[in-house]
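Asks: The structure follows.
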Amino acid sequence: MFHRPILAACVSGVLLSSGPAYADSAALFDALGLPEIITIMQQEGIDYGAEIAADLFPQTGTSRWDEAVAEVYDMDRMQDGVKADFVAALDGQDVAPMLLFFTTEPGKSLVGREVSARRAMLDAAVDEASMEAADIAKADNTADFQRVRSFIDANDLVESNVAGAMNANVAFYMGLMAGGALDGTLTEDQILMDVWDQEDDVRTSTTDWLTRFLLLAFGPAEDADIEAYIAFSQTTAGRTLNTVLFTAFDRTFDGISYDLGYEAGRMMATQEL
């Protein structure tokens, strides 16, 4: 869930958009498997909410927290928010080459592999196995590992994800403070310093996750298909799309992080009374 002013602006953008440009952008949203990805991210978020409860207030009853987490990760608001920002960020862009790549082969099949791998990793056993497989591939510097690294580099995925994760961490802290958990013990500057201190750990965990996810997704794919995906990523259309995707997701999920922090702050403040 994100702030109501942002939600109102996003919904207004969708309602006012019409015509072929909007239709193409909406079709691209679907072709990229984003509705399915957001559904998976909702479940990841709910799982993360359980981890927060175990870390921050393990002695408190979870029913109120579970309800708050479910509200924060409301599916309609997530879908509408990301889609509205996605369409808005594509305004004035040439969507045709993006739509062509992801509605034909190999783009269409590769998107399907990404969605399937992300869904599979919700299973703890699959997630654990992907870690072990990635460790082996990295140690042996396999061909699959090399092509995954090439894909990550071509799309600047590490730096983009690290920046997004750190902004989300700041938003979470700000939410905690607004919710009453920190009780003035941290200033905004201290929060920023604390988050920056986590940068190396965030970069390592991000790189590890991207590697194992893409190894799982692209392992069965043909080299030529991955090469075509990398080549598209390096075109003007591919670079534009990459920027648009991070813009759309970051805005929505910064709001989610803030709201999750706010709800956690309220729980912690209540626990201290």
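The values are calculated or read from the model by the stated rules, or taken from the named source; none is laboratory data. Everything numeric in this text was worked out from a predicted model, so none of it was measured. Glycine also receives a Cβ, built like all others from the backbone with ideal geometry; neighbour counts cover every protein chain displayed. All accessible areas refer to the heavy atoms of the entire protein, side chains included, with ligands and DNA or RNA removed. Shrake-Rupley method; radii C 1.70, N 1.55, O 1.52, S 1.80 Å.
Asks: List the residue pairs whose Cβ atoms are under 7 Å apart, where the first residue sits in the stretch 45-72 and is in contact (Cβ under 8 Å) with a residue 40 or more places away in the chain, the second is open to solvent by 70 Å² or more (accessible area, probe 1.4 Å) and not β-branched (V, I, T), and the two are 6 or more positions apart or on different chains.
Replies: Going by the 7 Å Cβ cut-off, the qualifying pairs are F57/Q271; T60/Q271.
Asks: Could we say that N167 is surrounded by 18 or more Cβ atoms within 10 Å (Cβ to Cβ), among the polar types (S, T, N, Q) and under 26 Å from S257 (Cβ atoms) here?
Replies: In short, no.
Asks: Further question: Where in the stretch 47-137 are there helices (runs of 4 or more DSSP H), lying fully within it, with 1 or more residues that are of a type in the set (S, T, Y)?
Replies: On the way: elements: 63-72, 75-89, 96-103, 107-120.
In the stretch 47-137, the matching helices (runs of 4 or more DSSP H) lie at 63-72, 96-103, 107-120.
Asks: Can you tell me which of (1) modelled with pLDDT of 95 or more; (2) open to solvent by 60 Å² or more (accessible area, probe 1.4 Å); (3) in contact with a helix residue (DSSP H, G or I) (Cβ under 8 Å, 6 or more places away or on another chain) is the one G81 doesn't meet?
Replies: G81 satisfies all of (1) modelled with pLDDT of 95 or more; (2) open to solvent by 60 Å² or more (accessible area, probe 1.4 Å); (3) in contact with a helix residue (DSSP H, G or I) (Cβ under 8 Å, 6 or more places away or on another chain) except (2).
Asks: Let me ask you something else. State all residues of the stretch 47-78 that are of a type in the set (D, E), open to solvent by 80 Å² or more (accessible area, probe 1.4 Å) and under 27 Å from L182 (Cβ atoms); if no residue qualifies, say none. Give the steps one after another, and end with the answer.
Replies: To start, the set of residues in the stretch 47-78 that are of a type in the set (D, E) comprises 47, 51, 55, 66-67, 71, 74, 76.
From what is left, the residues that are open to solvent by 80 Å² or more (accessible area, probe 1.4 Å) are 51, 55, 66-67, 71, 76.
Correct list: E51, D55, D66, E67, E71.
Asks: Does at least one position in the stretch 186-204 carry a residue that is touching a residue at least 40 places away in the same chain (Cβ under 8 Å), open to solvent by 50 Å² or more (accessible area, probe 1.4 Å) and aliphatic (A, V, I, L, M)? Reasoning before the result, please.
Replies: First pass over the stretch 186-204, keeping only residues touching a residue at least 40 places away in the same chain (Cβ under 8 Å): 202-203.
From what is left, the residues that are open to solvent by 50 Å² or more (accessible area, probe 1.4 Å) are 203.
Going one step further and asking which of them are aliphatic (A, V, I, L, M), we end up with none.
No, because not a single residue in the stretch 186-204 is touching a residue at least 40 places away in the same chain (Cβ under 8 Å), open to solvent by 50 Å² or more (accessible area, probe 1.4 Å) and aliphatic (A, V, I, L, M).
Asks: Looking at the stretch 218-273, which of its residues are acidic (D, E) and assigned to a helix (DSSP H, G or I)? Break it down into steps so the answer makes sense when it comes.
Replies: Going through the stretch 218-273, the residues acidic (D, E) turn out to be 222-223, 225, 227, 250, 254, 259, 263, 272.
Hits for the stretch 218-273 are D223, D225, E227, D250, D254, D259, E263, E272.
Asks: Now for a separate question. Could you tell me whether any residue of the stretch 253-260 is buried (at least 18 other Cβ atoms within 10 Å of the Cβ) and either β-branched (V, I, T) or free of Cβ contacts under 8 Å to residues at least 60 places away in the same chain (or both)?
Replies: yes
Asks: Any residue that is among the small types (G, A, S) and under 18 Å from the mean Cα position of the chain (by Cα) - is there at least one of those in the stretch 93-108? Quick ask: steps written out before the conclusion?
Replies: Within the stretch 93-108, the first condition is being among the small types (G, A, S), and the residues that meet it are 96, 107.
Retained after the next criterion (residues that are under 18 Å from the mean Cα position of the chain (by Cα)): none.
Within the stretch 93-108, not a single residue is among the small types (G, A, S) and under 18 Å from the mean Cα position of the chain (by Cα).
Asks: Right, next: Say whether the condition of being open to solvent by 40 Å² or more (accessible area, probe 1.4 Å), part of a loop (DSSP other than H, G, I, E, B) and modelled with pLDDT under 95 is met by at least one residue in the stretch 9-26.
Replies: yes
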